[in-house]
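Worksheet: one structure, shown below.
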Amino acid sequence: MATRTLGRVTVTLPELDEPGLYLANVATLDNPRGIVQDFAYTDADVRSLELAHTRLVTGRMSRVRSKRGAFEALNLHGVEIVGCDLGTVRWSDSKLTRVVLKDCKLMGAALVDIALNDVLFETCRLDYATFERVRATGPVAFIDCVLSEAAFTDCDVSDVVFSACPLQRTEFGPGRYRGADLRGNDLSDIRGVGNLAEIHISHGQQAELAAALVSELGITIGDD
């Protein structure tokens with residue numbers, strides 16, 4: 001199996017280029033049977049992308065652009081999503097296993113009640129995205145992703161790796177963060193520092209967390 005070790009986790013990746021595997025081009029991801037398998041969905045420009053109660057198994061979405069979308073009970077296994085702009089998609093009640101999202105835009109997206117297992121977000125734009133009750137049930141990593149003003153609420157992102165991610169005004173609300181690896185990020189402007197118990201940071205980040213806490217508490221420092 002193809003894997004990538006990213007900090008403290010090893011993510012198992014989709015294997016879409018193995019000998020004997022053929023991905024058939026499809027014009028839509030809608031299927032009356034509720035499953036699309038061994039597929040390639042590429043170069044689509046749609047106003048709205050709505051999918052519900054569907055399984056995508058072994059396939060690739062690339063260069064798909066949607067102004068808005070709604071994914072409900074959309075479960076993915078062995079899927080790559082590359083170079084897609086999914087806009088302010090609302091993605092709920094879903095499970096992602098062995099999934100890579102690379103060079104994608106999900107700015108302002110809402111991810112709700114989603115389980116992630118062997119999932120890699122790489123060089124994605126997730127500004128203003130909201131993560132609510134998202135659970136890492138296996139290895140998960142965010143690498144070079146913009147998470148400015150994103151918000152995590154009631155999530156379990158224990159052991160998740162965040163690396164080289166801009167985190168300006170990113171809100172880490174109530175949730176579980178034990179073992180999350182935040183090394184290699186500027187933490188001086190994050191929100192919700194008090195919720196980040198038992199995370200992993202490097203020595204140089206202690207001052208950044210202190211600065212974030214001072215800002216969050218509105219503490220004034222001075223001699224007067």
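Scanning segment 116-145 for residues that are of a type in the set (A, V, I, L, M) and over 13 Å from residue 159 (Cα atoms) yields 120, 126, 129, 134, 143. Taking residues in segment 29-44 that are part of a loop (DSSP other than H, G, I, E, B), and partners anywhere that are surrounded by fewer than 15 Cβ atoms within 10 Å (Cβ to Cβ) and modelled with pLDDT of 95 or more, the pairs with Cβ atoms closer than 7 Å and at least 6 places apart or on different chains are 34/53.
The set of residues in segment 101-133 that are among the β-branched types (Val, Ile, Thr) and either under 17 Å from residue 181 (Cα atoms) or open to solvent by 40 Å² or more (accessible area, probe 1.4 Å) (or both) comprises 119, 123, 130. Counting only residues that are touching a Gly at 6+ places or on another chain (Cβ under 9 Å), open to solvent by 20 Å² or more (accessible area, probe 1.4 Å) and farther than 17 Å from residue 187 by Cα, segment 134-168 holds 5 of them.
Could you pull out the residue among 66, 148, 163 that is of a type in the set (Gly, Ala, Ser) and within 30 Å of residue 22 (Cα to Cα)?
Working: 148 fails: within 30 Å of residue 22 (Cα to Cα); 163 fails: within 30 Å of residue 22 (Cα to Cα).
The match here is 66.
Suppose the filter is under 25 Å from residue 89 (Cα atoms) and touching an Asp or Glu at 6+ places or on another chain (Cβ under 6 Å); does residue 191 pass it? Here the answer is yes, as residue 191 does meet what is asked. Residues that are farther than 30 Å from residue 199 by Cβ and basic (Lys, Arg) within segment 1-56 comprise 33, 47, 55, listed in sequence order.
Consider residue 79 against the criteria (1) open to solvent by less than 10 Å² (accessible area, probe 1.4 Å); (2) within 25 Å of residue 151 (Cβ to Cβ); (3) of a type in the set (Val, Ile, Thr): it satisfies all of them except one. Which criterion is unmet? Only one criterion is unmet by residue 79, namely (2).
Within segment 56-168, which strands (runs of 3 or more DSSP E) (wholly inside it) include 1 or more residues that are within 18 Å of residue 3 (Cα to Cα) and of a type in the set (A, V, I, L, M, F, W, C)? Give the steps one after another, and end with the answer.
Working: elements: 90-102, 110-122, 130-132, 140-143, 151-153, 161-163.
Those strands (runs of 3 or more DSSP E) span 90-102, 110-122, 140-143, 161-163.
Condition check: within 21 Å of residue 110 (Cβ to Cβ) and crowded, with 17+ Cβ neighbours inside 10 Å. Does residue 16 satisfy that? The answer is no for residue 16. Taking the criterion of being at pLDDT 95 or above, within 21 Å of residue 130 (Cβ to Cβ) and among the small types (Gly, Ala, Ser), the residues of segment 61-93 that qualify are 70, 73, 92. Selection within segment 192-224: residues that are polar (S, T, N, Q) and over 17 Å from residue 143 (Cβ atoms). The member of this set that is surrounded by the most Cβ atoms within 10 Å (Cβ to Cβ) is 205.
Can you tell me which residues in segment 169-191 are small (Gly, Ala, Ser), assigned to a loop (DSSP other than H, G, I, E, B) and buried (at least 19 other Cβ atoms within 10 Å of the Cβ)? If you could, list the steps in order and put the result at the bottom.
Pass one, segment 169-191, residues small (Gly, Ala, Ser): 173, 175, 179-180, 184, 188.
When the remaining residues are screened for being assigned to a loop (DSSP other than H, G, I, E, B), the result is 173, 179-180, 184, 188.
Across segment 169-191, the qualifying residue is only 180.
Looking at segment 45-62, which of the residues that are without any contact (Cβ under 8 Å) to a residue 24 or more places away in the chain and among the polar types (S, T, N, Q) is surrounded by the most Cβ atoms within 10 Å (Cβ to Cβ)? My answer is 62.
The values are calculated or read from the model by the stated rules, or taken from the named source; none is laboratory data. What you see is a predicted model; the values in this text were computed from it and never measured. Here the Cβ is made from the backbone with ideal geometry for all residues, glycine too, and neighbour counts use every protein chain on show. All accessible areas refer to the heavy atoms of the entire protein, side chains included, with ligands and DNA or RNA removed. Shrake-Rupley method; radii C 1.70, N 1.55, O 1.52, S 1.80 Å.
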